[in-house]
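Colleague: Before I ask anything, let me first share the structure, which is written out below as C-alpha cells.
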Amino acid sequence: MLKEVTTHTTRVRAISQLNRGDEIEARLSVGPAYDDVVIRRGQVQETAPGIGVVWIMDHASGMRKAINTDECSVWRVA
C-alpha cells in the first residue's frame, strides 16, 4: 500500500521573505466557488521584490519560469 504524501503550505505575503532554494507553488484563483489551482511548482532561483517577480526552476518543465505576484499567489511548500 502506498503512503499518501502530505505537504504543508503557507502563503507568502511578501516575496522578500523568500530565499534561494525555497520550494514554492504559484496558484491562480479560478473563481469564488473553487480552490486555487497550482500552475507552477519549483525552487526559487531569484527574487525581485521591487517589481513583484520570482524566478523558479519549474519541476514540471525543468525550465526557469517567472512568476508575477500580481497575477497569482505564492505558497511555501514544506
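Colleague: Filter segment 51-78 for residues that are in contact (Cβ under 8 Å) with a residue 60 or more places away in the chain and open to solvent by less than 70 Å² (accessible area, probe 1.4 Å) and give the result.
Modeller: Residues satisfying the conditions are SER73, VAL74, TRP75, VAL77.
Colleague: Then there is this: Can you list the strands (runs of 3 or more DSSP E) lying wholly within segment 6-78 that have 3 or more residues being of a type in the set (A, V, I, L, M)?
Modeller: Those strands (runs of 3 or more DSSP E) span 23-28, 37-48, 53-58.
Colleague: Condition first: among the charged types (D, E, K, R) and surrounded by 11 or more Cβ atoms within 10 Å (Cβ to Cβ). Can you find one or more residues in segment 12-21 that meet it?
Modeller: So the first thing to find is which residues in segment 12-21 are among the charged types (D, E, K, R), and the list is 13, 20.
Still in the list and also surrounded by 11 or more Cβ atoms within 10 Å (Cβ to Cβ): none.
No, every residue in segment 12-21 fails to be among the charged types (D, E, K, R) and surrounded by 11 or more Cβ atoms within 10 Å (Cβ to Cβ).
Colleague: Only one of (1) without any contact (Cβ under 8 Å) to a residue 24 or more places away in the chain; (2) at negative phi; (3) not aliphatic (A, V, I, L, M) fails for GLY31. Which number is that?
Modeller: Here GLY31 meets the rest and fails (2).
Colleague: Shifting gears a bit: Quick check, is VAL30 touching a strand residue (DSSP E or B) at 6+ places or on another chain (Cβ under 7 Å), modelled with pLDDT under 95 and either over 20 Å from HIS8 (Cα atoms) or crowded, with 16+ Cβ neighbours inside 10 Å (or both)?
Modeller: Yes: the conditions hold for VAL30.
Colleague: Run LEU2 past the list (1) part of a loop (DSSP other than H, G, I, E, B); (2) modelled with pLDDT of 95 or more and report the number of the one that doesn't hold.
Modeller: (2)
The values are calculated or read from the model by the stated rules, or taken from the named source; none is laboratory data. This is a predicted model, so every value here is computed, not measured. Counting neighbours? That spans all protein chains shown, and the Cβs are built from the backbone with ideal geometry, glycine included. Ligands, DNA and RNA are stripped out before the accessible areas are found, and what is left, the full protein with its side chains, is counted by its heavy atoms. Shrake-Rupley method; radii C 1.70, N 1.55, O 1.52, S 1.80 Å.
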